[in-house]
Amino acid sequence: EIAEAVRATLPDDVPLFFRTSAVDGPPDGWTLDDTVVLASRLKEIGVDVMDCSSSGISGAATAGAGSKRQPGFQVPYAERVRKETGMLTMAVGLITHPVQAETILERGQADLIAIAREALVDPMWALHAARDLGHDTVFASWPKQSGWWLAARQKTCEFYNPDNPAG
């Protein structure tokens with residue numbers, strides 16, 4: 001009912017995201033099967049994206065699935081919802097590196113990536129990712145206050161020889 005009410009108030013061109021704990025509470029708690037059913041219903045009423053996290057209600061993020069917390073550990077939740085419902089999904093769960101995020105997208109495991117806590121470690125994560133993936137090698141998308149200097153530094157550092165740190 002809440003999702004229906006929110007969708008009814010949003011313009012059609014504004015996407016509606018729904019964050020869920022895709023699994024929660026071992027062994028008799030919320031399951032990924034439950035999430036697939038929920039996502040199907042939410043898609044019918046106009047929710048555009050399912051953000052697939054885990055736990056938080058009945059314990060740690062790995063408690064509901066019995067899996068080890070490791071890079072990308074929640075990605076399979078987004079992948080399954082996407083494949084079984086056709087709904088767009090957002091993956092989360094220790095996604096920290098640009099190539100890791102890009103690979104998830106390329107494999108069709110999710111449509112969006114939430115880097116979440118990694119943005120606390122590096123507030124410029126998206127700009128670093130663009131550079132690492134070869135999309136902005138001259139710092140054009142960086143704030144002017146730092147982009148011009150970083151571009152200049154890059155030209156200077158092209159001549160750096162790691163075998164001779166003094167020059």
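The values are calculated or read from the model by the stated rules, or taken from the named source; none is laboratory data. This structure is a prediction, so every number in the text was calculated from the model and none was measured. Methodologically, a virtual Cβ is constructed for each residue, glycine included, from the backbone with ideal geometry; neighbour enumeration extends over all protein chains shown. The protein model used for the area step is the full one, side chains on, heavy atoms only, and it has no ligands, DNA or RNA in it. Shrake-Rupley method; radii C 1.70, N 1.55, O 1.52, S 1.80 Å.
Got a sec? Charge dipole of the chain, +1 on Cβ for Lys and Arg, -1 for Asp and Glu; which of Ala101, Trp142, Ser55 is way out at the positive end?
Trp142
Provide the solvent-accessible area of His128, counting protein heavy atoms only and rolling a 1.4 Å probe, rounded to the nearest 10 Å².
Here the accessible area works out near 70 Å².
Please enumerate, by chain and number, the lysines with C-alpha under 27 Å from the C-alpha of Lys144, excluding those fewer than 8 residues away in the same chain.
Within reach: Lys155.
What is the spin-label model distance, in nm, from Phe17 to Lys68 if the labels are put 7 Å beyond Cα along the C-beta direction?
3.0 nm
Work out, in µm²/s and without decimals, the Stokes-Einstein translational diffusion coefficient of the chain at 20 °C, 1.002 mPa s, Rh from Kirkwood over C-alpha pairs.
118 µm²/s
Residue by residue through the stretch 90-97, what is 3J(HN,Hα) from phi via Karplus (6.51 cos²θ - 1.76 cosθ + 1.60, θ = phi - 60°)? Round to whole Hz and write x for glycine and proline.
In residue order, the calculated couplings are 10, 9, 9, x, 6, 9, 10, 10 Hz.
Tell me the label-point distance for the pair Val121, Asp163, using the 7 Å Cα-to-Cβ offset, in nm and rounded to one decimal.
If labels sit at Val121 and Asp163, their model points lie 3.2 nm apart.
Go ahead and run the numbers for FRET between Glu44 and Trp149, Cβ-Cβ distance against an R0 of 41 Å, rounding to 0.05.
0.20
Calculate the length of the line joining the C-alpha centroid of the stretch 70-129 to that of the stretch 1-50, in whole Å.
If we compute the Cα centre of each part, the gap is 18 Å.
Counting alpha carbon pairs within less than 8 Å and at least 6 residues apart, what relative contact order, in whole percent, applies to the stretch 1-147?
18 percent
With a Förster radius of 35 Å, plug the Cβ-Cβ distance of His135 and Thr9 into 1/(1 + (r/R0)^6) and report the FRET value to the nearest 0.05.
Efficiency computed from Cβ-Cβ geometry: 0.45.
Taking Cα atoms, how many degrees apart are the long axis of helix 144-157 and the longest axis of the chain, rounded to 10 and kept between 0 and 90?
Rounded to the nearest ten degrees, it is 60.
Helix-derived [θ] at 222 nm for the chain: sum -39500 (n - 2.57) over DSSP H runs of at least 4, divide by residue count, nearest 500?
Mean residue ellipticity at 222 nm (helix-derived): -11500 deg cm²/dmol.
Whole-Hz Karplus ³J(HN,Hα) for the stretch 40-49, in order, using 6.51 cos²θ - 1.76 cosθ + 1.60 and θ = phi - 60°, x for Gly and Pro?
4, 5, 5, 4, 4, 8, x, 6, 8, 9
What value in Å³ per residue do you get for the convex hull of the alpha-carbon atoms in the stretch 79-125?
63 Å³
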